[in-house]
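The values are calculated or read from the model by the stated rules, or taken from the named source; none is laboratory data. All values derive from a computational prediction rather than experimental measurement. No Cβ is skipped: glycine too gets one built from the backbone with ideal geometry, and neighbour counts run over all protein chains shown. Quick note on the areas: whole protein, heavy atoms, side chains included, nothing else; ligands and nucleic acids left out. Shrake-Rupley method; radii C 1.70, N 1.55, O 1.52, S 1.80 Å.
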Amino acid sequence: MDATPRPARLAVGVISAGRVGSVLGAALTRAGHVVGAVSAVSRESLRRAEELLPDVPVLSPPEVAASADLVLLAVPDDELAGLVRGLVATGSLRAGQIVVHTSGAQGISVLEPAAAVGALCVALHPVMTFTGRAEDVERMTACSVGVTAADGDDVAWNVGEALVVEMSAEPVRIPETARPLYHAALAHGANHLITLVADCADLLRSSGIADAERVLGPLLSAALDNVLRHGDRALTGPVARGDAGTVAKHLRVLAAEAPDTLAPYRVLARRTVDRAQAAGLLKPEPAADVRTTLEDR
């Protein structure tokens with residue numbers, strides 16, 4: 001038998017119906033829990049609440065929290081600490097509740113005021129990007145969720161993991177001390193990848209290719225698959241080959257036609273030289289040639 005403690009059917013309160021909160025509320029509903037109330041202010045949040053949490057009453061944050069066994073705090077990072085303090089000050093949080101936040105950058109310490117009144121506190125951070133639409137609920141089944149609880153609080157760790165499993169996702173334990181680096185890694189990968197791909201698409205359109213995304217899709221999908229499977233051994237292209245002449249051509253055309261992209265190209269190319277050389281793909285002499293070519297002039 002699976003001895004992991006699993007939360008019973010819980011009354012869930014969602015604060016607020018942003019892209020993450022509305023989707024996790026729907027995922028918890030699918031797992032058998034009952035979302036009893038949700039907070040929403042903006043037109044978009046109200047629409048998401050109506051679509052993903054139909055017939056759930058829209059109440060103020062204190063009312064949502066007071067009515068719930070599981071309080072899900074899905075607000076921007078900078079608002080989280082003030083919200084927790086406010087809910088405690090209004091008596092909306094109580095002993096025996098499960099209080100969960102979804103911030104990737106914050107650990108469990110931000111929930112200390114809730115823990116002080118006897119709430120069981122957990123941080124659950126889904127490792128995926130959210131659109132706030134119904135397909136996100138299905139995507140949850142393929143994603144990992146970073147779980148953080150207080151050191152030594154086995155009950156909180158187990159409850160957090162059980163909630164993730166119930167949503168059909170994969171729990172990954174992230175100690176409090178590792179949380180900042182963990183979140184920096186995810187932001188560096190996901191957010192900067194979007195910026196990089198958008199820049200690539202803009203360059204292709206500038207070269208006269210109308211359907212840039214169609215051209216990029218297979219290439220980037222293969223590159224992502226290869227690096228996840230093989231790491232640095234997946235590196236290809238002129239930098240990894242030590243083709244300094246081609247790199248020089250790239251620098252000239254970017255300086256002339258896309259100067260905003262020139263500096264990011266140089267930074268990423270230098271990092272690629274380092275990784276390719278460390279992986280044994282690039283010999284010291286051609287690596288030095290590429291580095292020299294990449295120097296700002």
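With R₀ set to 35 Å, the beta-carbon distance separating Arg30 from Leu220 gives a calculated FRET efficiency near 0.65.
Find how much the distance from His230 to Ala187 grows on full extension, using 0.36 nm per residue of separation minus their present alpha carbon separation; answer in nm with one decimal.
13.3 nm
Got a sec? Charge dipole of the chain, +1 on Cβ for Lys and Arg, -1 for Asp and Glu; which of Val253, Pro180, Ala74 is way out at the positive end? Going by the charge dipole, the pick is Val253. Net length available on complete extension from Ala105 to Val267 is 55.8 nm, with 0.36 nm assigned per residue and the Cα-Cα distance removed. Taken along the Cα-to-beta-carbon direction at a fixed 7 Å, the label points for Asp78 and Ala256 span 4.3 nm.
Under 8 Å for C-alpha pairs, at least 6 residues apart: give me the relative contact order for the stretch 182-295, rounded to a whole percent.
25 percent
With a Förster radius of 51 Å, plug the Cβ-Cβ distance of Glu285 and Ala116 into 1/(1 + (r/R0)^6) and report the FRET value to the nearest 0.05. Efficiency at R0 = 51 Å is approximately 0.25. For the listed peptides 141-149, 217-225, a ranking on the average number of other beta carbons within 10 Å per residue, highest first, reads 141-149, 217-225. If a spin label sat at a point 7 angstrom from the Cα of Ser168 along the line to its beta carbon, the backbone N atoms of the stretch 6-41 nearer than 16 Å would be those of 23-33.
In debye, nearest 20: dipole of the chain around its Cα centre with unit charges on the Cβ of K, R (+) and D, E (-)?
600 debye
Considering only Ala27, Pro126, His101, the residue lying farthest towards the positive end of the dipole of the chain is Pro126, judged by Cα position with unit charges set on Cβ.
Mean residue ellipticity, 222 nm, helices only, the chain: the sum of -39500 (n - 2.57) across DSSP H runs of n ≥ 4, divided by residue count and rounded to 500, is -17000 deg cm²/dmol. Taking the empirical scaling 2.2 N^0.38 Å for compact globular proteins as reference, the chain has a Cα radius of gyration ratio of 1.23. Spin-label pair Ala95-Thr246: with each label point 7 Å from Cα along the Cα-Cβ axis, the two points sit 6.8 nm from one another. Taking all protein chains in place and a 1.4 Å probe, what share, in percent, of the accessible surface of the chain do carbon and sulfur account for? Ligands and nucleic acids excluded, carbon and sulfur give 57 percent.
The mean sequence separation of alpha-carbon pairs under 8 Å and at least six residues apart, normalised by the residue count of the chain, gives a relative contact order of 12 percent.
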